[in-house]
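Visitor: Got a structure for you, written out below as structure tokens; questions coming shortly.
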Amino acid sequence: MANLIELFDYKSAQGITSTKDDSRLDSLISSVSQLVKTYCGNSIVDFYATGKTETLSINWASNIVQLTESPITAVGTVKERDDLAAGYTTLTENVDYYVDFATDSIYRVNSGGRAKNWANGPGAVQVVYHAGYASCPEDLKLAVIDLVTYYHKDEHKARQTMAGASIQNQSSTSQRNNVAFPDHIKRVLDLYKNF
């Protein structure tokens with residue numbers, strides 16, 4: 001999947017012209033991009049141009065399904081099936097379902113627009129949709145750059161020794177129940193996190 005920033009973005013932001021750390025930085029950029037996507041529970045840029053097919057199992061009476069990627073930019077098809085042996089039936093937007101772009105949800109409705117429950121069962125609903133951003137948003141890009149620097153300079157280590165001198169880094173966070181990202185980075189990541 002796509003990285004959230006490129007090597008050029010990082011080197012430009014940091015004022016780096018040397019190529020001596022390029023391979024390490026490339027590796028860190030890939031790792032940090034995946035770390036951010038995993039933490040956020042959102043692919044951010046991966047499904048903007050290419051659609052994602054999501055199959056949802058419905059285990060109880062519900063007229064709403066929430067998709068995993070956000071923000072939704074377009075919904076291609078929505079299909080439903082009543083049992084595993086049956087084929088999917090393609091539904092019609094604003095007749096059989098309604099897309100709520102504000103909550104990244106799809107509501108099942110009847111022809112009068114009233115709530116109707118989705119079919120129950122494993123893989124009962126299948127949605128093909130596009131979501132995310134054409135490119136990494138600038139505030140998130142800054143957080144990724146800071147996180148790459150955090151690992152590149154070993155700032156995640158509490159104590160470092162270089163040439164006989166010791167450096168004591170502050171704890172990475174002051175927030176309770178934090179996963180140990182520095183506060184200024186976590187604040188930005190949480191804006192893109194799917195809860």
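Visitor: Taking region 14-28, which residues are assigned to a helix (DSSP H, G or I), of a type outside the set (Lys, Arg) and open to solvent by 60 Å² or more (accessible area, probe 1.4 Å)?
Guide: Correct list: GLN14, SER23, ASP26, SER27.
Visitor: Condition test on GLY87, is it surrounded by 14 or more Cβ atoms within 10 Å (Cβ to Cβ) and either modelled with pLDDT under 95 or among the charged types (D, E, K, R) (or both)?
Guide: Against the criterion (surrounded by 14 or more Cβ atoms within 10 Å (Cβ to Cβ) and either modelled with pLDDT under 95 or among the charged types (D, E, K, R) (or both)), GLY87 does not qualify.
Visitor: So which residues in region 134-180 are open to solvent by 70 Å² or more (accessible area, probe 1.4 Å), touching a Phe, Trp or Tyr at 6+ places or on another chain (Cβ under 7 Å) and either at pLDDT 95 or above or assigned to a strand (DSSP E or B) (or both)?
Guide: Correct list: ALA134 only.
Visitor: Okay, next question. Between residues in region 3-30 that are on the phi < 0 side of the Ramachandran plot and touching a residue at least 40 places away in the same chain (Cβ under 8 Å) and residues that are in a helix (DSSP H, G or I) and among the aromatic types (Phe, Trp, Tyr), which pairs lie under 7 Å by C-beta distance while being six or more apart or on different chains?
Guide: LEU25/TYR10; LEU28/TYR151; ILE29/TYR10
Visitor: Would you point out which residue out of SER57, SER31 is modelled with pLDDT of 95 or more, touching a Pro at 6+ places or on another chain (Cβ under 7 Å) and either open to solvent by 40 Å² or more (accessible area, probe 1.4 Å) or in a helix (DSSP H, G or I) (or both)?
Guide: Result: SER57 is the single residue among SER57, SER31 that is modelled with pLDDT of 95 or more, touching a Pro at 6+ places or on another chain (Cβ under 7 Å) and either open to solvent by 40 Å² or more (accessible area, probe 1.4 Å) or in a helix (DSSP H, G or I) (or both).
Visitor: Among the residues of region 63-75, which ones are in a loop (DSSP other than H, G, I, E, B) and either open to solvent by less than 20 Å² (accessible area, probe 1.4 Å) or touching a helix residue (DSSP H, G or I) at 6+ places or on another chain (Cβ under 7 Å) (or both)?
Guide: Matches in region 63-75: LEU67, GLU69, SER70.
Visitor: Same structure, new question: Filter region 77-107 down to the residues that are of a type in the set (Phe, Trp, Tyr) and not in a loop (DSSP other than H, G, I, E, B), then identify the one that is farthest from the chain's Cα centre (by Cα).
Guide: So the residue we want is TYR97.
Visitor: From VAL95, VAL125, grab the single residue that is of a type in the set (A, V, I, L, M, F, W, C), open to solvent by less than 80 Å² (accessible area, probe 1.4 Å) and touching a strand residue (DSSP E or B) at 6+ places or on another chain (Cβ under 7 Å).
Guide: Selected residue: VAL125, the only one of VAL95, VAL125 that is of a type in the set (A, V, I, L, M, F, W, C), open to solvent by less than 80 Å² (accessible area, probe 1.4 Å) and touching a strand residue (DSSP E or B) at 6+ places or on another chain (Cβ under 7 Å).
The values are calculated or read from the model by the stated rules, or taken from the named source; none is laboratory data. In this text the structure is predicted, and so the values were computed from the model without any measurement. Note: ideal-geometry Cβ built from the backbone for every residue, glycine included; neighbour counts use all protein chains shown. Only protein heavy atoms, including side chains, enter the accessible area calculation; ligands, DNA and RNA are left aside. Shrake-Rupley method; radii C 1.70, N 1.55, O 1.52, S 1.80 Å.
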